[in-house]
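Note sheet for the following structure.
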Amino acid sequence: MRLAPSISIAFTLLAGCAADDATPVAPATLTHEAYVWQRSWTGPVADAVAHAPAPLSGLRVLTVELDRTGAAAWPAVDVAALAHAGRPVTAVVRLDGSRPLPDLALAPVLDRIAAWQRAGVAVAGVEIDHDCATAALPAYAAWLERRRPPAPLRWSITALPTWAGAPALPRVAAAVDELVVQVHAVRAPRLFDPDQARAWLDRFAAAIAPAAAPLRVALPTYQVELDGARLAADPVEVAALVRSLERRPIAAVRGVVWFRLPVATDRAAWPAPTLAAVIAGAPLAPAIEVRLVARGSDLHDVVIENRGALAGRWPELRVDGALAAADRLGGYTADASDPRRWSPPPRDLPAGDLAVVGWVRGQELTVHANPR
């Protein structure tokens, strides 16, 4: 993780004041894509790709990764899932940032792209993901100029906000077709700060103005453990930046690339309902419901489901009606003073998830949830 030096926000504040006095700018419509960063394409990963959320207009797929020794790892990408997704794909080449730039030949990457295209995948471009040291940007620019893929493939790179003050940045920007500015995992101890991210983007866009290269911003959907602390992307904070870019556009910023695509088994990243709500500007809150699902004439499962956009605490439940028998699952317990009232465990139900938390037997039964 690269840590950025302290950056004054005075420039951003002055720019914001000037914008308030200027002619109103029309809201921006941002495009949205997502990274597929798994090294192992399990069944859930392939399913998530094949049925990617509708708001995502493209997928950026980790295609090959070169470690610090130069050894290459090629994930076994499920090409059928990519084709089924029906979205433009960007093939991403990940280069370890702790070593000098390799003498990379793009031919194997282009061969893989050609195989994907024969299988029905619409490949739009190649992206280099390299956390280049600011001092090494002149060499990086020359490296990028020499390795541009053939048209019509788009040539992209990920970029660090700390590059904004470098004299070589305009040359780097001129060497590619777009830059994806990573504004997460840049400065500890926070994974993401919406105000700092906005300041970085304003400064970065101003720095590349002569090159006029379009920008996209890479935003986080994940959590990570660092030095014993849990750092997580807060959907409310991330949504605040997205709304800021829509209402007060930065001319060079065309869209968002989300890190990473929701996968049902990936509990370290947002589920699909959360990402969809952040993109759409929908309310960010849990919505936990409870219902009885019949298993027989008088036997029912008790099911809780979160139809909201954020994880929510398991609710207290109460069973009414002619109750003959019951059993609780998942940590629910009967209240000592009222066995019809079920006390929940201290657990969260992720957005979009459901859980069977018990069963009841009886006549004319209903169950109610009391949020905590």
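The values are calculated or read from the model by the stated rules, or taken from the named source; none is laboratory data. Nothing here was measured: the structure is a model prediction, and the numbers come from that model. Positions of Cβ are backbone-derived with ideal geometry, glycine not excepted, and every protein chain shown enters the neighbour counts.
A quick yes/no check of all residues on (1) outside any loop (DSSP other than H, G, I, E, B); (2) modelled with pLDDT of 95 or more; (3) not assigned by TED's automatic domain parsing to the domain that holds GLN363:
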position: VAL238; (1), (2), (3): yes, yes, yes
position: GLY255; (1), (2), (3): yes, yes, yes
position: TRP258; (1), (2), (3): yes, yes, yes
position: ASP266; (1), (2), (3): no, yes, yes
position: VAL293; (1), (2), (3): yes, yes, no
position: GLY308; (1), (2), (3): no, yes, no
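For segment 8-29, the criterion of being in a loop (DSSP other than H, G, I, E, B) and at pLDDT 95 or above is satisfied by no residue at all. Here's a check for you: in segment 218-242, which residue that is within 16 Å of the chain's Cα centre (by Cα) and more than 16 Å from ALA269 (Cα to Cα) is surrounded by the fewest Cβ atoms within 10 Å (Cβ to Cβ)? Here the residue is ALA240. Scanning segment 239-295 for residues that are acidic (Asp, Glu) and closer than 29 Å to GLN38 by Cα gives a single hit, ASP266. For THR274, the stated conditions do not hold, so it cannot be described as in a loop (DSSP other than H, G, I, E, B), closer than 20 Å to LEU354 by Cβ and either β-branched (Val, Ile, Thr) or not assigned by TED's automatic domain parsing to the domain that holds ALA207 (or both).
Screening segment 277-291 for residues that are assigned to a helix (DSSP H, G or I) and small (Gly, Ala, Ser) and picking the one that is surrounded by the fewest Cβ atoms within 10 Å (Cβ to Cβ) gives ALA280. If you go through segment 246-271 and pick out every residue that is more than 9 Å from the chain's Cα centre (by Cα), of a type outside the set (Val, Ile, Thr) and surrounded by 21 or more Cβ atoms within 10 Å (Cβ to Cβ), you end up with 2. So which residues in segment 278-296 are without any contact (Cβ under 8 Å) to a residue 60 or more places away in the chain and more than 30 Å from GLU364 (Cβ to Cβ)? Of everything in segment 278-296, those that are without any contact (Cβ under 8 Å) to a residue 60 or more places away in the chain and more than 30 Å from GLU364 (Cβ to Cβ) turn out to be VAL278, GLY281, ALA282, PRO283, LEU284, ALA285. Here ALA122 passes the criteria (1) in contact with a Pro (Cβ under 6 Å, 6 or more places away or on another chain); (2) over 27 Å from THR31 (Cβ atoms) except the one numbered (2).
Can we say ARG68 is within 21 Å of the chain's Cα centre (by Cα), basic (Lys, Arg) and not in a helix (DSSP H, G or I)? Taking the combined requirement at face value, the residue does not satisfy it.
Pairing residues of segment 354-372 that are in contact (Cβ under 8 Å) with a residue 12 or more places away in the chain with residues that are of a type in the set (S, T, N, Q) and crowded, with 17+ Cβ neighbours inside 10 Å, at Cβ distances under 8 Å and at least 6 apart in sequence or on separate chains, gives LEU354/ASN306. Looking at VAL49, VAL45, VAL77, just one residue is within 22 Å of THR265 (Cβ to Cβ), assigned by TED's automatic domain parsing to the domain that holds VAL238, in contact with a Phe, Trp or Tyr (Cβ under 7 Å, 6 or more places away or on another chain) and aliphatic (A, V, I, L, M), and that residue is VAL77. The residues on offer are ALA205, ALA213, ALA209, and the sole one that is surrounded by fewer than 21 Cβ atoms within 10 Å (Cβ to Cβ) and either in a loop (DSSP other than H, G, I, E, B) or not aliphatic (A, V, I, L, M) (or both) is ALA209. A search for C-beta distances below 6 Å between a residue of segment 28-57 that is basic (Lys, Arg) and any residue that is part of a loop (DSSP other than H, G, I, E, B) and buried (at least 16 other Cβ atoms within 10 Å of the Cβ), counting only pairs 6+ apart in sequence or on different chains, returns ARG39/PRO75. Criterion applied to ARG39, ARG99 was being surrounded by fewer than 14 Cβ atoms within 10 Å (Cβ to Cβ), at pLDDT below 95 and in contact with a Pro (Cβ under 6 Å, 6 or more places away or on another chain), and the one residue passing it is ARG39.
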